[in-house]
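Read the structure below first, then the notes.
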Amino acid sequence: MFRIGELDQKIDFWRECNVQDEDLGGLEASVKTLFAGVWAKARPLSGSEIERFDKLNATELTFFVTRYRPEVKEDDYISWQGVNYNIRHIPSVGPRSLYSEFYAERGVAQ
């Protein structure tokens, strides 16, 4: 399906999590790096522009492939070339697969 030589881009996986605020005792948002410097294949699939509330919003859907990463979930993020991507879909490949696939979108909020 994929050749290891196709994994020629470096990406990071990260997750937003809540941590205890030591000063006020509440919760505050924090970023946790799951994996840094992961070799991946990256292929942009589509892009679009939408004008909404007098503002132009551009989005791009990108397909990423890495070695098998069962810890990554659909509410995590990918950082590639300094741009953050929201993971939108992780196709089920089974526990014996050599690779994980991710469909991620940039240019949008959650």
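Among 24-35, 54-65, sorting by the average number of other beta carbon atoms lying within 10 angstrom of each residue, highest first, gives 54-65, 24-35. The value for region 7-65 of Rg(Cα) / (2.2 N^0.38 Å) is 1.68. Where the accessible area of the chain is counted over protein heavy atoms with a 1.4 Å probe, how much of it, in %, is carbon and sulfur? In the chain, the share of accessible area belonging to carbon and sulfur is 48 percent. The GluC sites (Glu not before Pro) of region 68-101 meeting both criteria, a DSSP state outside H, G, I, E and B (loop) and at most 12 other C-beta atoms within 10 angstrom of the site's C-beta, are Glu71, Glu74.
Net charge in the neighbourhood of Ile90 (other residues with Cβ under 12 Å of its Cβ; Lys, Arg +1, Asp, Glu -1) is -2.
Over the chain, with the other protein chains present, what is the accessible area per residue in square angstrom, probe 1.4 angstrom?
On the way: 7460 Å² over 110 residues.
Per-residue value: 68 Å².
Give me the Debye-computed log₁₀ of I(q)/I(0) at q = 0.12 Å⁻¹ for the chain, equal point scatterers on Cα only, no solvent, two decimals. Calculated log10 I(q)/I(0) at the listed q: -0.49.
The values are calculated or read from the model by the stated rules, or taken from the named source; none is laboratory data. Bear in mind that the values here come from a model prediction, so they are computed numbers and not experimental data. Glycine also receives a Cβ, built like all others from the backbone with ideal geometry; neighbour counts cover every protein chain displayed. Remember, those area values only see protein heavy atoms, side chains included, never the ligands or the DNA or RNA. Shrake-Rupley method; radii C 1.70, N 1.55, O 1.52, S 1.80 Å.
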